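**Q** Could you have a look at this structure, given as structure tokens, before my questions?
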Amino acid sequence: MTESTSLDTLSFTVSGRISRPCAEVYEAVADPEQLSHYFTTGGASGRLEPGGDVTWDFHDYPGRFPVTVIEADKPRRIVIEWEGDQAAGTSGSTRTTFEFEPIDDDTRTLVTITESAWLPTTAGAKAAFGNAEGWTGMLAAMKAWVEHGINLREGFYK
């Protein structure tokens, strides 16, 4: 039997641990005011819950990005879709899943971010790697913000 070697889409996963309870870390992502302090350098509008009108803005990528919330299961999981120039499929969107796992008796949270649906091309790989870098930066900035109230991104991009 031969294993298929074709690659339909690209995806990646990044993760990190934050020393706060799961519900608090979930809110740091779901609440636009908190998200605007450490991640969306140009601001976030709308809470991450299905049916909401959500946009994100970044100083390093000008313009507002519409975000569609597919699922929100407080305090464990948020699934969003947003446009990607190199997204696979007909929707033109990638899917990003945030998972929040309580560890150490819920004194810490393991945050796992998976983004999928990138084209398996050179341009698709470049876009996916760029977003992997962005989500890793988001995790580091979230840790500094949630644990210490420090905004690592202030002045970083503009």
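The values are calculated or read from the model by the stated rules, or taken from the named source; none is laboratory data. Just so it is clear, the model here is predicted, and its values are computed rather than measured. Note: ideal-geometry Cβ built from the backbone for every residue, glycine included; neighbour counts use all protein chains shown.
**Q** Checking Arg20 against (1) charged (D, E, K, R); (2) in a loop (DSSP other than H, G, I, E, B); (3) modelled with pLDDT under 95, which test does it fail?
**A** All conditions are met except number (3).
**Q** List the number of the failed condition for Gly51; all other conditions in (1) part of a strand (DSSP E or B); (2) free of Cβ contacts under 8 Å to residues at least 40 places away in the same chain hold.
**A** Result: Gly51 passes all but (1).
Okay, residues lined up against (1) of a type outside the set (Asp, Glu); (2) within 20 Å of Ala132 (Cα to Cα); (3) part of a strand (DSSP E or B); (4) in contact with a strand residue (DSSP E or B) (Cβ under 7 Å, 6 or more places away or on another chain):
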{"residue": "Thr13", "(1), (2), (3), (4)": "yes, yes, yes, yes"}
{"residue": "Gly16", "(1), (2), (3), (4)": "yes, yes, yes, yes"}
{"residue": "Thr41", "(1), (2), (3), (4)": "yes, yes, no, yes"}
{"residue": "Trp56", "(1), (2), (3), (4)": "yes, yes, yes, yes"}
{"residue": "Phe65", "(1), (2), (3), (4)": "yes, yes, yes, yes"}
{"residue": "Pro75", "(1), (2), (3), (4)": "yes, no, no, yes"}
{"residue": "Ile78", "(1), (2), (3), (4)": "yes, yes, yes, yes"}
{"residue": "Thr90", "(1), (2), (3), (4)": "yes, no, no, no"}
{"residue": "Ser116", "(1), (2), (3), (4)": "yes, yes, yes, yes"}
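**Q** Among the residues of segment 31-51, write down those that are farther than 18 Å from Lys143 by Cβ, crowded, with 17+ Cβ neighbours inside 10 Å and of a type outside the set (Gly, Ala, Ser).
**A** Passing the criteria: Pro32, Leu48.
**Q** Okay, next question. For residues in segment 138-156 being modelled with pLDDT under 95 and within 18 Å of the chain's Cα centre (by Cα), which is farthest from Thr13 (Cα to Cα)?
**A** Within segment 138-156, the match that is farthest from Thr13 (Cα to Cα) is Asn151.
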